[in-house]
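Engineer: This is the structure I want to talk about, given as structure tokens.
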Amino acid sequence: MPETIIKLENISKSYSQGGSLIPVIENLNATIQEGKFIAVIGPSGSGKSTLLNVIGLIDTADSGDIFLFNENLKNINDAKQNLIRRDKIGFVYQSNNLFSDFTAIENVTIPRILLGDNKKDAHELAFKCLDILGLSDRINHLPKDLSGGEQQRVAIARAIINEPKVIIADEPTGNLDKNTSNDVFEYLIDFVYSQKITLIMATHNLELASKSDHQIKLV
């Protein structure tokens, strides 16, 4: 049986607006297992991005407990949370956030350089990630010379280079046309299943969401 990698217990989150508290997530419970694809769905403003930020340790819940890799985040200091976010979680966003003056392979090597790898080792690992995503012949292209789908695949390569246990994807195909969206999604889902990585993806695309192992529905 797959290991439980994330457990949310009674998670609530509100934001202050005009002097009032606006509830975004209320008493959410979910169990997420290793190697599964979880789709987070719901209308705009329902809290999908907020939930991903809470799970990804970018934001904090107002109340409730989050167990990540069998540890309650309440018992983990900020320094350790930073290490978990760096070493075990990869992020992919709707906007690929690539550095425009860096080639594809240079963009992908950045996380490894930040970890202290030398340039040669980082370059070799980046090439492997890009090759997996069908971009071995595009490694020296700048983002402006890549299609939208290729740019997003570079962003996925950057997210996987640190070999994360969890990939958090916030509308990763939202800026792409249907065919390109499906192609990018297939690259992503094939990789995460082959490596037993947990994928948590917020999406408006119900066709892609229907392929998930489990859905978290926000209203």
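The values are calculated or read from the model by the stated rules, or taken from the named source; none is laboratory data. Fair warning: this is a prediction, and the values are worked out from it, not measured in the lab. Every residue, glycine as well, gets a Cβ built from its backbone with ideal geometry; the counts of neighbours run over all protein chains shown.
Engineer: Among (1) at pLDDT 95 or above; (2) within 21 Å of the chain's Cα centre (by Cα); (3) closer than 24 Å to TYR193 by Cβ; (4) surrounded by fewer than 16 Cβ atoms within 10 Å (Cβ to Cβ), there is one condition ALA169 misses while meeting the rest; what is its number?
Structural biologist: (4)
Engineer: Identify all residues within the stretch 112-166 that are under 16 Å from the mean Cα position of the chain (by Cα) and among the charged types (D, E, K, R); write none if there are none.
Structural biologist: ARG153, ARG158, GLU163, LYS165
Engineer: What strands (runs of 3 or more DSSP E), lying completely within the stretch 1-81, carry at least 3 residues that are in contact (Cβ under 8 Å) with a residue 12 or more places away in the chain, surrounded by fewer than 18 Cβ atoms within 10 Å (Cβ to Cβ) and at positive phi?
Structural biologist: Those strands (runs of 3 or more DSSP E) do not exist here; none qualify.
Engineer: Output the residues belonging to the stretch 104-155 that are surrounded by fewer than 20 Cβ atoms within 10 Å (Cβ to Cβ) and either β-branched (Val, Ile, Thr) or in contact (Cβ under 8 Å) with a residue 60 or more places away in the chain (or both).
Structural biologist: The answer is ILE110, ILE113, ILE132, ILE139.
Engineer: Name every residue in the stretch 192-210 that is assigned to a loop (DSSP other than H, G, I, E, B) and on the phi < 0 side of the Ramachandran plot, in order of residue number.
Structural biologist: Those that are assigned to a loop (DSSP other than H, G, I, E, B) and on the phi < 0 side of the Ramachandran plot: ILE197, THR203, HIS204, ASN205, SER210.
Engineer: Scan (1) surrounded by fewer than 22 Cβ atoms within 10 Å (Cβ to Cβ); (2) under 21 Å from SER49 (Cβ atoms); (3) out of contact with any Leu (no Cβ under 7 Å at 6 or more places or on another chain) for the single condition ARG158 breaks and write down its number.
Structural biologist: Just one mismatch for ARG158, condition (1).
Engineer: Exactly one condition in (1) at pLDDT 95 or above; (2) within 21 Å of ALA155 (Cβ to Cβ) is false for ILE58; which is it?
Structural biologist: (1)
Engineer: Restricting to the stretch 141-191, give me the number of residues that are in a loop (DSSP other than H, G, I, E, B), hydrophobic (A, V, I, L, M, F, W, C) and out of contact with any Ser or Thr (no Cβ under 7 Å at 6 or more places or on another chain).
Structural biologist: Qualifying residue count for the region: 3.
Engineer: Identify, by number, the condition in (1) in contact (Cβ under 8 Å) with a residue 40 or more places away in the chain; (2) buried (at least 17 other Cβ atoms within 10 Å of the Cβ) that LYS196 doesn't meet.
Structural biologist: Going through the list (1) in contact (Cβ under 8 Å) with a residue 40 or more places away in the chain; (2) buried (at least 17 other Cβ atoms within 10 Å of the Cβ), LYS196 breaks only (2).
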